[in-house]
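Okay, so here's the structure we're looking at.
The values are calculated or read from the model by the stated rules, or taken from the named source; none is laboratory data. This is a predicted model, so every value here is computed, not measured. Cβ atoms come from the backbone with ideal geometry, glycine included; neighbour counts cover every protein chain shown.
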Number of protein chains: 2
Amino acid sequence: MINIDTDRFLQDLHELRRIGTFRTGVHRPTYSPQDMESRRWLMRKMQEAGLEASIDGIGNVFGRHAGEGPHLLAGSHIETQNEAGWLDGALGVVAALHLARAGLPVDVCAFADEEGHFEGGFIGSRSIIGDLSEEEMDRSRNRYDGTPLRDALRDAGLAGLPRMRIDPARYKGFFEMHIEQGTQLESAGLQVGVVTGIVAIWQWQLRITGQQDHAGGTTMAERRDAGLTAVRLLAAIDAEFPRVCGERSTWTTGRIALDPGAASIIPGTADVLFQFRDVSMARLEAMEAALRRLVQESNRRERCHTELVEVHKATPALCDPGTMRALRGAAEALAPGKWQDMPSGAGHDAQNIARVLPVSMLFVPSIGGISHHWAENTSDEDLAMGMRVLAEGARRYLSGSN
Amino acid sequence: MINIDTDRFLQDLHELRRIGTFRTGVHRPTYSPQDMESRRWLMRKMQEAGLEASIDGIGNVFGRHAGEGPHLLAGSHIETQNEAGWLDGALGVVAALHLARAGLPVDVCAFADEEGHFEGGFIGSRSIIGDLSEEEMDRSRNRYDGTPLRDALRDAGLAGLPRMRIDPARYKGFFEMHIEQGTQLESAGLQVGVVTGIVAIWQWQLRITGQQDHAGGTTMAERRDAGLTAVRLLAAIDAEFPRVCGERSTWTTGRIALDPGAASIIPGTADVLFQFRDVSMARLEAMEAALRRLVQESNRRERCHTELVEVHKATPALCDPGTMRALRGAAEALAPGKWQDMPSGAGHDAQNIARVLPVSMLFVPSIGGISHHWAENTSDEDLAMGMRVLAEGARRYLSGSN
């Protein structure tokens, strides 16, 4: 059984929490001063742990183990959603650091912008597997304020740095620890989830074009109200999707922006962010077909035209049977009866790394299931248990003693 | 027939258009530097026209005629919606100025914030009839950025100035010229509309409270999605309102703000601006009753609670028969067969002035019906014709020769 200093692990997590504090959470948008401060903090911690630390041209922070292999790669992301929680991403990065501290032959990586502040999504973990072109980087903009990715990289001091690539031959697998971001573990009274697969997110934008007009002078018969078309289309999705979805599919409208957004003006355009998630490609394709039918039907009926724009479509990833066996064995040894297999409803960097390496993920409970919100939290006891199970699982997987 | 220098009238309109230019329109939010510059411009123009110019503690700009009565009051507003048109409000103010220039005994007023940048609505024309309390001013905030009204008045240099009141004994009536903000005149090939009454706007806020959560970790069964509740409620309003509305009722959702508004976060709250308009109190009350029923039904069915907040409820106003006769006579003399009676679907300062004086309004066509948008426009020919009909109508009304 491997020895882990869980006090120091928790202390490092709390130290990182003080960078960009927002209420009890943190605010570290990708490439913001707070985010860059957290990346520099991580590089210092890597060096203390004996790793060779570097940062690349997309902001990935990498800590390379100096010793003999076979190696593991471990990590997650360090930036956060806006005004969000202290553990999402940070937990997996600090846990990876403590695998190395515990003497395991582990390279640590914090992948840039898992949270998708910039168009394209997962630009850090996609870059490191060779799936991010220079052309896509030229096009990508910040989703909130429109800043070009190139400008953000330049302002963060990253422009011109080479982008690193994973050498698959160096690694036996990839490990990512993460909070569950749901209530399944908490509801069942469990401490650890061994992830079986990661859903893919298919993200869309609905761009609806009507005619901006005065809300009094324009009769109901004359108006082309982009907001009303959005409401009708979203209500149709709400009615239709249960007929095509799977048992654990989710779909979410995160933003409805009416322009200009004033009380007395008929909206001229509506901009809607809509996504769905599933682990099955067939299910994802069925949901896309339903969405396309509903948009087509809306365009037949409505006076405002809806353009369906594909923002990104990820591939669902299954976790590796060998890594899962190692983690299950570790969980049963350390937390007997307090763990379960489960899919991940959220997207994670591991789904990209899965294209070049066997991957595994370990979940710890989220209190109240709250995530992407500053109130996100996990008990110290569960954090420490997750860290111990991750380390023991990594040890077992490396030694082949599953 | 009164003599009007329509070239100079158009020239003044174009001069005002250069203050806060946005594309072919203007951007002069209430108490912004651009708005205050336009108010100072107007005071200079009033003085040139021989009027005694002043500005009061709510930003109303007033030009008092020095000669004998009976007097008329005329005017409109000078601030604009954000990035909106050059004629909305400005037309009625400049037209009033040219009534005075033409030698008519007219006081000119530009009422502050007809466009409702600040909570409460119509604070200028309500202040001047004594319907705006100090307490309401203490509470009112900018609807876009939350700035307290008191702070905005202080920054504009208006704090501490007395607020003027209309002396009803001084006036025989009030005249307001305005663009139609619809397509009725254009569609019928007409140049002038004599307004019969002004709709009241009943403005509401729907505040929906759910639970912010991660869009992947939270199953469809667990989530409390404030945005989805908003969509369902607005779809129910869309289905139900045609059953209770009148022939020319309108209802509009101008804003749907989901918080935090990101792709992968289930919205924790939704903030919706909803309004309806009609000239009939009975119809307005029936629409309110329907809205309350639908919110009650939503709260019974949904997992997110909706609070219905009354923002403001105006009183519909009918135009004065005497002023209407004068304007009809002038229209038939100057534009025979090219005018009609019509209600105003938009709210106007005249609806408040109607509580203390006989009022009338004159409409000119809006090209394509576009308003509250920078593309708003009216042909020079229609603007000049409207100005001539307004002046001749005012002359006839003053002389009693309808």
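Values for this structure:
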| quantity | calculated |
| --- | --- |
| Residue match in the stretch B:127-138 (condition: touching a His at 6+ places or on another chain (Cβ under 9 Å) and either under 18 Å from residue B:16 (Cα atoms) or surrounded by fewer than 20 Cβ atoms within 10 Å (Cβ to Cβ) (or both)) | no |
| Scan of the stretch A:351-373 for residues that are within 14 Å of chain B (Cβ to nearest Cβ), crowded, with 24+ Cβ neighbours inside 10 Å and in a helix (DSSP H, G or I), ordered by number | A:351, A:369 |
| Unique match (being within 16 Å of the chain's Cα centre (by Cα) and in contact (Cβ under 8 Å) with a residue 24 or more places away in the chain) among B:77, B:65 | B:77 |
| Residue list for the stretch A:232-256, filter: facing chain B (nearest Cβ under 7 Å), in a loop (DSSP other than H, G, I, E, B) and of a type outside the set (D, E, K, R) | none |
| Criterion (at pLDDT below 95, within 27 Å of residue B:330 (Cβ to Cβ), in the same structural domain as residue B:90 (by TED's automatic domain parsing) and of a type outside the set (A, V, I, L, M, F, W, C)) met by exactly one of B:187, B:125 | B:187 |
| Filtered residues of the stretch A:263-314 (kept if at pLDDT 95 or above, hydrophobic (A, V, I, L, M, F, W, C) and outside any helix (DSSP H, G or I)) | A:266, A:270, A:272, A:273, A:274, A:276, A:304, A:308, A:309, A:311 |
| Test: residue B:273 is touching a residue at least 60 places away in the same chain (Cβ under 8 Å) and facing chain A (nearest Cβ under 8 Å) | yes |
| Count of the stretch A:253-266 residues which are out of contact with any Lys or Arg (no Cβ under 8 Å at 6 or more places or on another chain) and either buried (at least 21 other Cβ atoms within 10 Å of the Cβ) or of a type in the set (Val, Ile, Thr) (or both) | 6 |
| Qualifying residue in the stretch B:343-352 (condition: farther than 16 Å from residue B:175 by Cβ, modelled with pLDDT of 95 or more and not hydroxyl-bearing (Ser, Thr, Tyr)) | no |
| Residues of the stretch B:79-117 satisfying the condition of being touching a strand residue (DSSP E or B) at 6+ places or on another chain (Cβ under 6 Å) and either surrounded by fewer than 24 Cβ atoms within 10 Å (Cβ to Cβ) or not assigned by TED's automatic domain parsing to the domain that holds residue B:368 (or both) | B:83, B:100, B:105 |
| Residues being surrounded by fewer than 16 Cβ atoms within 10 Å (Cβ to Cβ) and in a helix (DSSP H, G or I) - total across the stretch A:11-46 | 7 |
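The rows are residues; the columns are (1) surrounded by fewer than 24 Cβ atoms within 10 Å (Cβ to Cβ); (2) without any contact (Cβ under 8 Å) to a residue 24 or more places away in the chain; (3) facing chain B (nearest Cβ under 9 Å); (4) under 30 Å from residue A:350 (Cβ atoms).
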{"position": "A:182", "(1), (2), (3), (4)": "no, no, yes, yes"}
{"position": "A:199", "(1), (2), (3), (4)": "no, no, yes, yes"}
{"position": "A:202", "(1), (2), (3), (4)": "yes, no, no, yes"}
{"position": "A:207", "(1), (2), (3), (4)": "yes, no, no, no"}
{"position": "A:213", "(1), (2), (3), (4)": "no, no, yes, no"}
{"position": "A:218", "(1), (2), (3), (4)": "no, no, yes, no"}
{"position": "A:222", "(1), (2), (3), (4)": "yes, yes, yes, no"}
{"position": "A:226", "(1), (2), (3), (4)": "no, no, no, no"}
{"position": "A:230", "(1), (2), (3), (4)": "no, no, yes, no"}
